[in-house]
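Since the structure comes first, as structure tokens, the remarks are kept for the end.
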């Protein structure tokens, strides 16, 4: 193949990576801004976070168009085709992370005037910090093609699940103790679930990085620690929620 064509082709693949990195950076920024809005009860910051999601959506559309054009013109095979398809899959996960972060910002708008119990906000902050750390690490793993780092992120998802389980129980306790807390705690519970789901999408990205580098899917069972679906709410708690 002509050297000029090879160089041009490599630049197109690199452009996909650049757009993906830009998406990832915006997703990180949006999640951080959304939680700050929730923590500070800041409607202006929350509205800015909601609006920022549109930029992530547009980048995904741009990336999809570039990928389709590249496939049509270059007809990539083997590693190059795997590269393009992995970028598209990761972009889909980043778009969903943006949506989930936007939902947190919407919760911040809904409860901007409410006083948050400090322990609950502290727990959500720890969840958010861990989710942001995972997202940064997995994006770094993609840019450096570091499969070991991606697997490390993949295995650390259980920690977010454990945090979510703890916050879930604590929120139920607050609702049981005083039904007036139900509205606030429900919004915080959805916010915590959004963060937990962001962790899941980050884990998806880690799996796709492993596939990109090794050409094979992970065979290990995905680590999961979210057991809230199997929790049994006591009769006392049920009574408190319906009184």
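Please treat every number below as a calculation from the coordinates, not as lab data. On a predicted model such as this, the values are computed, not experimentally measured, just so you know. A quick note on method: Cβ atoms are made from the backbone with ideal geometry, for glycine too, and the neighbour counts reach across all protein chains shown.
Some observations on this one:
- The stretch between residue 6 and residue 57 holds 15.3 nm of extra length on full extension. This uses 0.36 nm per residue minus the Cα-Cα distance.
- With contacts taken as Cα pairs under 8 Å and at least 6 residues apart, the chain reaches a relative contact order of 24 percent.
- Per-residue ellipticity at 222 nm, computed for the chain from helices alone with -39500 (n - 2.57) per DSSP H run of at least four residues, works out to -29500 deg cm²/dmol.
- Using only alpha carbons, the stretch 1-112 has a radius of gyration to Kirkwood radius ratio (Rg to Rh) of 1.15.
- As a calculated quantity, the FRET efficiency between residue 21 and residue 121 at R0 = 35 Å, using C-beta atoms, amounts to about 0.70.
- Helix 78-110 and the long axis of the chain differ in direction by around 30°, with both axes built from C-alpha atoms.
- Packing rank of 88-97, 146-155, where each peptide gets the mean count of other beta carbons within 10 Å, highest leading: 88-97, 146-155
- Over the chain, the reciprocal of the mean inverse Cα-Cα separation, the Kirkwood hydrodynamic radius, stands at 19.3 Å.
- Bins of 5 Å, starting at 0 and running to the largest distance - Cα pair percent for the stretch 128-216: 3, 16, 22, 16, 13, 10, 8, 6, 4, 2, 1
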